[in-house]
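K.L.:
There's a structure below that I have some questions on.
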Amino acid sequence: MIMLKTTTKLLLTSALVAGLSTAAVAKDKVYKWKLATTWGSTLSPFYDTPTNMAKMVEEMSQGQLKIRVDASNKHKAALGILDMVKGGQYDMGHSASYYWKGKDINTLPFTTMPFGMTTPEQYAWFYHGGGMDLMKKAYKKHKVLSFPGGNTGNQMGGWFRKEIKTVDDLKGLKMRIPGFAGEIMAKLGLTVTNIASGELYTSLERGTIDALEWVGPGMDIKMGFNKIAPYYYTGWHEPATELQFLVNERKFNKLPKHLQTILVTAMKLSAYDMYIQNYHMSSEAWSKIEKDYPNIKIKTFPKEVMDAMKKANAELLVEKTKGQPLLKEVLDSQAAYQKKAREWTKMSDYLYLKDNLK
């Protein structure tokens, strides 16, 4: 993993500065935890993130905290992570917050929102704009703690069997698309479903679905979606998809303070490492896409379709926040921060790219 050895040494130094005595650690109780992931063991970099976090924790704690990571093919409940951590079957989990919108709508915005913040904007919101406090508030009733768990950056808009030229072309399609984007697509006439990663290709191949969105070229192309659905659309729905670490609150509170510090720090670093690893993977894949995969047709949704998506998004935001004060508080916080941060994003990234793109 990128920078793993160097950053582990830096984190260990931080732990020592915080008052951790290596001699004391060797004599203390050994804590053995289990972590369940939504991802299969071959799904890089999603599965890499918790496994590398666990390695960092064990090394920094000198073996005092050991975390066993179980992939979805072992525990067989890819979309049951929140319940398993909440119920104590697992001490930790690695998943995505918007998967729980059916259980608790307040968890939805902590992954990403359509037409929302970019990754740097969203991380700034989490750590300096009140996002972490709001996420703690949302998960309090579940008696779990949630932490950012790695970002994909702006995701692609999905794989389609046929070209989408009008809004009518969307109607009647069956599509795998989770989160608030799924609500938007349903409003535009699609039949929407959420399917675990290990079942995506088979579902597309068998015609259970007509289209799907996954992540981006670094993860998508090796899944082989282009063999069935060659139209690959640019993104709108998940501009900053943040995965999550879930931690059983009672178990966390039983850890000594220095182990809590090590765990939180390792989660934060592994999340960042996932972001840059995924960015690298997509950059590599995109540089080869035209030569190695000439059948893929890169498309952008027409203005008519984008306008319909934006209209549906605005209507749904009003509808979903009625009688949901916490959800409204989170979404208002995100919107206000996005408005403020976007001015700097325009000045820094947008104008730089505008003036320098060939």
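K.L.:
Can you pull out the residues in the stretch 141-151 that are in contact (Cβ under 8 Å) with a residue 40 or more places away in the chain and not in a loop (DSSP other than H, G, I, E, B)?
P.N.:
Keep residues of the stretch 141-151 that are in contact (Cβ under 8 Å) with a residue 40 or more places away in the chain, which gives 142-151.
Within the stretch 141-151, HIS142, VAL144, LEU145, SER146, PHE147, PRO148, GLY149, GLY150, ASN151 qualify.
K.L.:
Does at least one position in the stretch 235-243 carry a residue that is surrounded by fewer than 19 Cβ atoms within 10 Å (Cβ to Cβ) and either more than 15 Å from the chain's Cα centre (by Cα) or in contact (Cβ under 8 Å) with a residue 12 or more places away in the chain (or both)?
P.N.:
No, every residue in the stretch 235-243 fails to be surrounded by fewer than 19 Cβ atoms within 10 Å (Cβ to Cβ) and either more than 15 Å from the chain's Cα centre (by Cα) or in contact (Cβ under 8 Å) with a residue 12 or more places away in the chain (or both).
K.L.:
List every residue pair whose Cβ atoms lie under 6 Å apart, where the two residues are 6 or more positions apart in sequence or sit on different chains, the first residue falls within the stretch 207-227 and is farther than 26 Å from ILE276 by Cβ, and the second residue, located anywhere, is assigned to a loop (DSSP other than H, G, I, E, B).
P.N.:
ASP210/ARG161; ASP210/LEU173; ALA211/LEU173
K.L.:
Can you give me the number of residues within the stretch 305-348 that are of a type outside the set (Lys, Arg), without any contact (Cβ under 8 Å) to a residue 24 or more places away in the chain, part of a helix (DSSP H, G or I) and exposed (fewer than 13 other Cβ atoms within 10 Å of the Cβ)?
P.N.:
Of the residues in the stretch 305-348, 9 are of a type outside the set (Lys, Arg), without any contact (Cβ under 8 Å) to a residue 24 or more places away in the chain, part of a helix (DSSP H, G or I) and exposed (fewer than 13 other Cβ atoms within 10 Å of the Cβ).
K.L.:
Can you give me the number of residues within the stretch 84-115 that are crowded, with 21+ Cβ neighbours inside 10 Å, of a type in the set (A, V, I, L, M, F, W, C) and assigned to a loop (DSSP other than H, G, I, E, B)?
P.N.:
So the answer is 1.
K.L.:
Hey, another quick one. Taking the condition of being of a type in the set (S, T, N, Q) and closer than 10 Å to THR300 by Cα, how many residues in the stretch 222-239 meet it?
P.N.:
Going residue by residue through the stretch 222-239, those that are of a type in the set (S, T, N, Q) are 226, 234.
From what is left, the residues that are closer than 10 Å to THR300 by Cα are 234.
Final tally of qualifying residues: 1.
K.L.:
Test LYS76 against the criterion of being modelled with pLDDT of 95 or more and over 21 Å from MET135 (Cα atoms), and give yes or no.
P.N.:
Details: modelled with pLDDT of 95 or more: yes; over 21 Å from MET135 (Cα atoms): yes.
Yes; evaluated as a whole, the condition is true for this residue.
K.L.:
Give the residues of the stretch 12-45 that are of a type in the set (A, V, I, L, M, F, W, C), modelled with pLDDT of 95 or more and either in contact with a Pro (Cβ under 9 Å, 6 or more places away or on another chain) or not in a loop (DSSP other than H, G, I, E, B) (or both), sorted by residue number.
P.N.:
If the condition is that a residue be of a type in the set (A, V, I, L, M, F, W, C), modelled with pLDDT of 95 or more and either in contact with a Pro (Cβ under 9 Å, 6 or more places away or on another chain) or not in a loop (DSSP other than H, G, I, E, B) (or both), then TRP33, LEU35, ALA36, TRP39 are the ones that fit.
The values are calculated or read from the model by the stated rules, or taken from the named source; none is laboratory data. Keep in mind that what you see is a predicted model, and the values were worked out from it rather than measured. Using ideal geometry, Cβ is built from the backbone for each residue, glycine included, and neighbour counts are taken over all protein chains shown.
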